[in-house]
Each structure stands twice: as C-alpha cells, then as structure tokens.
Amino acid sequence: RTVHDSVDELSPEGEKKYCSSLICGLLDKVDFGSDFEMQLNTFVDCRATFSRLDAVKDRLVILVCSLALRTNAIVKGKHSRRTTSFAKACIAFCHVTIPSVRSELRRLELMLHCAQVALQCQCLPQTDTLLKAAISLFPKVPAHEIHPDSGQKIPSTDRLLEFIKELLSLLVLVPGHPHHGPFYIVTGLFNALPMYAWPEASNARLKVYTE
C-alpha cells in the first residue's frame, strides 16, 4: 500500500511501471492453497487497495481467471452448484474490474480472455455478456496507442486484427443465442466493423473480411 500510494497521476511513467512490477510480483505469490474463496477475497481487497495502477488491475484479472480455471480443472469440468457459483464470482470480478483499465485495446483483450475462461467453466450467459461488451467497445478503440516505454504513438491496427482473429475463432464455438438466433454475436461484430475508424492507407479492414 505504501508503494502504491507513493505514485499518482503526475508521477513519471517509469516510476509507475516500477511500482506496478513490485506489486504484481507480490500478487503472484499470494497463495492460500485449496482455499480459493479466501484467495478471491484477497484479490478483491487488492483491487480496492491498488486502484491507481492499470498494470496491477490487469494482473488481478489474469490471476482471477487462473483461479476459475484451477477450479474447473479440479472438478474436471463437472461443476456442482458451489463451484459454479465460485466460477461466476470470478467472472463477475473480472467484468467489474476490466472497465477501469484505461487502454480500450487492452480492455478488449481482457474481455476476450475472460469470455474464453467463462466458456471453459460452462458459464454461457457470462460468455455472451463479455463478448457483447467487447463488440460494443470495438468502435471506440483509437487508431493509435501510446507505447508504454517510448511514449510514441503506434498504430492499433495490428493488435486489433489479432483480437478479431481470436474472437472469430471463439465464435466458431458460440456463434449464436438460444433466443436471438444463430450467428447473433457474429452479426453484431460485422455490424460494428464499419463503425471503427480504419486507417485510409491500410488494408486492415480487407484482411478482416478475407483472412
């Protein structure tokens, strides 16, 4: 907490990165053995304590997803009411935490990662919710992002293309909705694609439709 409170919005990026790496190193060592609920509760407390640093919130999302997957592995995919509730709690933690990450592109990647975890844990409503949230965020991604080390502007297109490819791969498994019909989510994605400000000199949009 002292390390976290030593930085603020005006602190140099290098200092924020160093403090984030220290705190993330601590979070990686948090282990309550088989008491997964205690571990999740600890991560909830950490989210409130380290709310200023995006890299820490990013790591918390990844760690909680790993916690859900560990639960899924222990029960070998055959969830009881208790383990299902725990998996849903993990996904809910991520769903609440991701919007506080500033980078729109990173939020997309985290939402997709959580959707994959939710699907593996058989939390289908949560999978749909995360996928729809990612698609609705897609048009808001800026054409350029700031490199964390150099501070220079770099095009977002390459990372965005990788995101779309991975998303489409997932949609092979969950393309539709029991009430809204087949290809419901796929249709939502293709409706969102023209809303993004594609660079005029880039063939990225063409690659989305052809690859």
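The values are calculated or read from the model by the stated rules, or taken from the named source; none is laboratory data. For clarity, every value in this text was computed on a predicted model and none was experimentally measured. Don't worry about glycine lacking a Cβ; one is built from the backbone with ideal geometry, like all the others, and counts go over all protein chains shown. Surface areas here come from the heavy atoms of the whole protein model, side chains and all, with no ligands, DNA or RNA. Shrake-Rupley method; radii C 1.70, N 1.55, O 1.52, S 1.80 Å.
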Helix-derived mean residue ellipticity, 222 nm - over the chain, DSSP H n ≥ 4, -39500 (n - 2.57), to 500:
-20500 deg cm²/dmol
Starting from a Cα-only point model with no solvent, please compute log10 I(q)/I(0) by Debye for segment 11-64 at q = 0.13, 0.25, 0.31 1/Å.
-0.31, -0.96, -1.31
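Restricting to DSSP loop positions (anything but H, G, I, E, B) with no more than 13 other Cβ atoms inside 10 Å of their own Cβ, which chymotrypsin sites (Phe, Trp or Tyr not before Pro) remain in segment 11-81?
Sites meeting the loop and neighbour criteria: F32.
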If every Lys and Arg gets +1 and every Asp and Glu gets -1 at its Cβ, then about the Cα centre the chain yields a dipole, in debye to the nearest 20, of 640
Name the residue from V172, A197, S100 whose Cα lies farthest towards the positive end of the charge dipole of the chain, charges +1 on Cβ of Lys and Arg and -1 on Cβ of Asp and Glu.
V172
For segment 90-161, what is the accessible area per residue in Å², given a 1.4 Å probe and the full set of protein chains?
45
Going Cα to Cα from K165, which lysines come in below 28 Å? Please leave out same-chain ones fewer than 8 positions away.
K57, K88, K132, K140, K153, K207
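Diagonalise the Cα gyration tensor of segment 42-81 and give the resulting equivalent ellipsoid semi-axes, square root of 5 times each eigenvalue, largest first, whole Å. Before the final figure, lay out the partial values.
On the way: eigenvalues 139, 20, 6 Å².
The three semi-axes for segment 42-81 are 26, 10, 5 Å.
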Built amide H within the under 5 Å cut-off of E145, gap 5+
I154, S156
Considering only A73, A118, T49, whose Cα is most displaced toward the positive end of the charge dipole of segment 1-130, charges sitting on Cβ of Lys, Arg (+1) and Asp, Glu (-1)?
A73
Once you have the alpha carbon radius of gyration of segment 1-92, what is it after dividing by 2.2 N^0.38 Å, with N set to its residue count?
1.22
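Which value, in debye to the nearest 20, gives the size of the charge dipole of segment 1-42 about its Cα centre, when Lys and Arg are +1 and Asp and Glu are -1 at the Cβ?
Numbers: 4 positive and 9 negative charges, 24 e Å.
For this selection, approximately 120 debye.
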With a 10 Å cut-off between alpha carbons and a GNM built on the chain, which of P12, P142, P178 moves the most?
P178
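Counting Lys and Arg as +1 and Asp and Glu as -1, what is the net charge of the other residues whose Cβ lies under 15 Å from the Cβ of P199?
Values: positive: K153, R159, R205, K207; negative: E145, D158, E200.
Net local charge, P199 excluded: +1.
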Using 0.36 nm per residue, how much length does the chain from R205 to D5 gain when fully extended, once their Cα-Cα distance is taken away?
67.7 nm
Principal axis dimensions, segment 37-162 - Cα atoms, whole angstrom, descending:
48, 30, 20
Segment 51-186: relative contact order in percent, alpha carbon pairs under 8 Å with at least 6 residues between
19
Between beta-carbons, use under 12 Å as the cut-off and find the net charge around T42, counting Lys and Arg +1, Asp and Glu -1.
-2
Roughly what would the spin-label model give for L26 and I154, points 7 Å off Cα along C-beta, in nm?
2.9
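Regarding the chain, what is the average projected area of its C-alpha convex hull, in nm²?
Details: hull surface 52.4 nm².
Over all viewing directions, the chain projects a mean Cα-hull area of 13.1 nm².
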For segment 167-211 and segment 13-74, compute the distance between their C-alpha centroids and round to whole Å.
32
